[in-house]
Amino acid sequence: MKILYFARIRQIAGRSSEELEVPSSVSTVAELVEFLSTRDEAVAAALAERRTLRAAVDQNHVALDAPIAGAREVAFFPPVTGG
């Protein structure tokens, strides 16, 4: 699965993306966040603000309780504002 990090999350994580095998026990975006956070301190810090964390699965915005089964890509980004 490809994991993408955008904006401030990318800066804190120190990378824009990574490819990895996700254990079958990880079935939602929230569980993926927990899994990623246990692997790397920088990523844990980048994903720490769960209340404002936004995600997309295969380029569709989703809630953190959304399933990731069969996903090719999950992206994480901070809230988006415009003006």
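Quick one: would you say Glu49 is at pLDDT 95 or above and open to solvent by 40 Å² or more (accessible area, probe 1.4 Å)? The answer is no for Glu49. Residues considered: Glu31, Glu41, Glu73. Of these, the only one that is of a type in the set (D, E, K, R), open to solvent by less than 50 Å² (accessible area, probe 1.4 Å) and modelled with pLDDT of 95 or more is Glu73. Restricting attention to the stretch 4-57, which residues are polar (S, T, N, Q) and without any contact (Cβ under 8 Å) to a residue 40 or more places away in the chain? Matches in the stretch 4-57: Gln11, Ser16, Ser17, Ser24, Ser25, Ser37, Thr38, Thr52. The set of residues in the stretch 1-23 being of a type in the set (Val, Ile, Thr) and either open to solvent by 70 Å² or more (accessible area, probe 1.4 Å) or part of a helix (DSSP H, G or I) (or both) consists of Ile9, Ile12.
The values are calculated or read from the model by the stated rules, or taken from the named source; none is laboratory data. Note that the structure is predicted; figures quoted are calculated from it, not measured. Glycine gets a Cβ as well: all are built from the backbone with ideal geometry, and neighbour counts include every protein chain shown. Calculation scope for accessible area: heavy atoms of the full protein, side chains included, ligands and nucleic acids excluded. Shrake-Rupley method; radii C 1.70, N 1.55, O 1.52, S 1.80 Å.
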